[in-house]
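> What follows is a single structure, and I will ask about it in a moment.
The values are calculated or read from the model by the stated rules, or taken from the named source; none is laboratory data. All values derive from a computational prediction rather than experimental measurement. Note that we place each Cβ from the backbone using ideal geometry, even for glycine, and neighbour counts take in every protein chain shown. Only protein heavy atoms, including side chains, enter the accessible area calculation; ligands, DNA and RNA are left aside. Shrake-Rupley method; radii C 1.70, N 1.55, O 1.52, S 1.80 Å.
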Amino acid sequence: MSSIFIQIPSYRDWELNKTIASAITNASGLNKLFFGIHNCVLFEGEIEVRTDSPDWVTINSTTSVAPNNIGIQQSRYIANEFYDGEDYYLQIDSHMRFAKNWDTTLIDGILKYQSMGLPK
(Lines give C-alpha, C1' and ligand atoms only; values in the text may rest on other atoms or scores of the structure.)
Protein backbone atom coordinates (compact mmCIF):
# COMPACT_ATOMS: atom_id res chain seq x y z
CA MET A 1 0.00 0.00 0.00
CA SER A 2 1.51 3.32 -1.09
CA SER A 3 1.03 6.60 0.75
CA ILE A 4 0.05 9.95 -0.72
CA PHE A 5 0.56 13.28 1.04
CA ILE A 6 -2.05 15.85 0.02
CA GLN A 7 -1.04 19.43 0.80
CA ILE A 8 -3.89 21.94 1.01
CA PRO A 9 -3.49 25.64 1.81
CA SER A 10 -6.82 27.39 2.36
CA TYR A 11 -7.97 30.95 2.98
CA ARG A 12 -11.62 31.28 4.00
CA ASP A 13 -12.67 28.60 1.51
CA TRP A 14 -16.08 27.10 2.21
CA GLU A 15 -15.24 24.38 -0.34
CA LEU A 16 -12.39 22.99 1.78
CA ASN A 17 -14.40 20.20 3.40
CA LYS A 18 -16.00 19.28 0.08
CA THR A 19 -12.50 18.96 -1.39
CA ILE A 20 -11.40 16.66 1.44
CA ALA A 21 -14.58 14.59 1.11
CA SER A 22 -14.18 14.31 -2.66
CA ALA A 23 -10.58 13.10 -2.32
CA ILE A 24 -11.59 10.44 0.21
CA THR A 25 -14.82 9.33 -1.48
CA ASN A 26 -13.24 9.01 -4.92
CA ALA A 27 -10.02 7.31 -3.81
CA SER A 28 -9.67 3.60 -4.49
CA GLY A 29 -8.94 2.76 -0.85
CA LEU A 30 -5.80 0.95 -2.01
CA ASN A 31 -3.47 3.73 -0.84
CA LYS A 32 -3.07 5.58 2.43
CA LEU A 33 -3.95 9.27 2.26
CA PHE A 34 -2.28 11.83 4.52
CA PHE A 35 -3.65 15.38 4.46
CA GLY A 36 -1.60 18.40 5.52
CA ILE A 37 -3.91 21.40 5.72
CA HIS A 38 -3.41 25.01 6.70
CA ASN A 39 -6.76 26.74 7.18
CA CYS A 40 -6.64 30.53 7.48
CA VAL A 41 -9.85 32.21 8.68
CA LEU A 42 -11.00 35.63 9.85
CA PHE A 43 -12.28 34.37 13.21
CA GLU A 44 -12.12 31.14 15.25
CA GLY A 45 -14.76 28.64 14.18
CA GLU A 46 -15.45 30.29 10.82
CA ILE A 47 -14.52 27.11 8.91
CA GLU A 48 -13.81 23.89 10.80
CA VAL A 49 -11.76 21.20 9.06
CA ARG A 50 -13.47 17.82 8.98
CA THR A 51 -11.66 15.10 10.90
CA ASP A 52 -13.87 12.04 10.39
CA SER A 53 -12.28 9.61 7.98
CA PRO A 54 -11.71 5.93 7.22
CA ASP A 55 -8.75 4.20 8.90
CA TRP A 56 -6.59 4.54 5.74
CA VAL A 57 -6.88 8.34 5.89
CA THR A 58 -5.09 10.74 8.24
CA ILE A 59 -6.15 14.38 8.37
CA ASN A 60 -3.69 16.80 9.97
CA SER A 61 -4.55 20.47 10.03
CA THR A 62 -3.86 23.72 11.75
CA THR A 63 -5.87 26.93 11.70
CA SER A 64 -4.60 30.50 11.76
CA VAL A 65 -6.67 33.61 12.32
CA ALA A 66 -5.82 36.37 9.82
CA PRO A 67 -3.70 38.38 9.59
CA ASN A 68 -1.48 35.66 11.10
CA ASN A 69 0.05 33.38 8.45
CA ILE A 70 -1.93 34.92 5.61
CA GLY A 71 -0.71 34.36 2.06
CA ILE A 72 -0.24 31.34 -0.16
CA GLN A 73 3.49 30.91 0.44
CA GLN A 74 3.13 30.91 4.21
CA SER A 75 0.08 28.65 4.02
CA ARG A 76 1.86 26.08 1.80
CA TYR A 77 4.86 26.14 4.15
CA ILE A 78 2.67 25.43 7.18
CA ALA A 79 0.71 22.66 5.42
CA ASN A 80 3.98 21.11 4.28
CA GLU A 81 5.10 20.79 7.91
CA PHE A 82 2.78 17.74 8.14
CA TYR A 83 4.70 15.89 5.40
CA ASP A 84 6.37 12.80 6.87
CA GLY A 85 8.06 11.01 4.00
CA GLU A 86 4.99 9.67 2.23
CA ASP A 87 5.64 7.94 -1.12
CA TYR A 88 3.87 10.56 -3.25
CA TYR A 89 3.18 14.28 -2.79
CA LEU A 90 0.14 16.06 -4.24
CA GLN A 91 -0.20 19.83 -3.91
CA ILE A 92 -3.75 21.06 -4.59
CA ASP A 93 -6.07 23.99 -4.03
CA SER A 94 -8.80 23.97 -1.40
CA HIS A 95 -11.62 23.99 -3.96
CA MET A 96 -11.18 20.88 -6.11
CA ARG A 97 -13.09 17.71 -6.99
CA PHE A 98 -11.57 14.31 -7.74
CA ALA A 99 -12.30 11.67 -10.38
CA LYS A 100 -13.03 8.08 -9.35
CA ASN A 101 -9.84 6.17 -8.42
CA TRP A 102 -7.74 9.31 -8.82
CA ASP A 103 -5.08 7.93 -6.48
CA THR A 104 -4.29 4.82 -8.53
CA THR A 105 -4.44 6.86 -11.75
CA LEU A 106 -1.94 9.33 -10.27
CA ILE A 107 0.48 6.62 -9.15
CA ASP A 108 0.16 4.66 -12.40
CA GLY A 109 0.96 7.84 -14.35
CA ILE A 110 4.03 8.57 -12.26
CA LEU A 111 5.30 4.99 -12.60
CA LYS A 112 4.73 5.11 -16.36
CA TYR A 113 6.85 8.24 -16.74
CA GLN A 114 9.53 6.83 -14.45
CA SER A 115 9.69 3.69 -16.64
CA MET A 116 10.30 6.04 -19.60
CA GLY A 117 13.37 7.44 -17.86
CA LEU A 118 11.92 10.48 -16.05
CA PRO A 119 13.04 10.18 -12.41
CA LYS A 120 10.39 12.51 -10.95
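> What percentage of the solvent-accessible surface of the chain, computed with a 1.4 Å probe over protein heavy atoms, is contributed by carbon and sulfur atoms?
52 percent
> A further question on this structure: Any idea how far apart residue 26 and residue 111 come out in nm if each label point goes 7 Å out from Cα toward Cβ?
Roughly 2.1 nm, to one decimal.
> Follow-up question, since we're still on this one. Can you compute the FRET efficiency between residue 43 and residue 120 using 1/(1 + (r/R0)^6), with r the Cβ-Cβ distance and R0 = 41 Å? Round to the nearest 0.05.
Rounded to the nearest 0.05, the efficiency is 0.50.
> Helix-only estimate, please: 222 nm mean residue ellipticity of the chain, summing -39500 (n - 2.57) across DSSP H runs of length 4 or more and dividing by its residues, to the nearest 500.
Estimated from H runs of four or more residues: -8500 deg cm²/dmol.
> Give the calculated FRET efficiency between residue 88 and residue 53 to the nearest 0.05, with a Förster radius of 22 Å applied to their Cβ-Cβ distance.
Efficiency computed from Cβ-Cβ geometry: 0.75.
> Kindly express, to the nearest 10 degrees and within the range 0 to 90, the angle between helix 16-25's C-alpha long axis and the longest C-alpha principal axis of the chain.
Approximately 30 degrees, to the nearest ten.
> Ok, one more. Counting Lys +1, Arg +1, Asp -1, Glu -1, what net charge surrounds residue 109 among other residues with beta carbon under 13 Å of its beta carbon?
0
> Measure off 7 Å from each Cα along the Cα-to-Cβ vector at residue 64 and residue 14, then give the distance between these two points in nanometres to one decimal.
Going from the residue 64 label point to the residue 14 one covers 2.4 nm.
> Based on the Kirkwood radius over alpha-carbon pairs, what is the Stokes-Einstein translational diffusion coefficient of the range 1-73 at 25 °C with 0.890 mPa s viscosity, in µm²/s?
Reported coefficient: 191 µm²/s.
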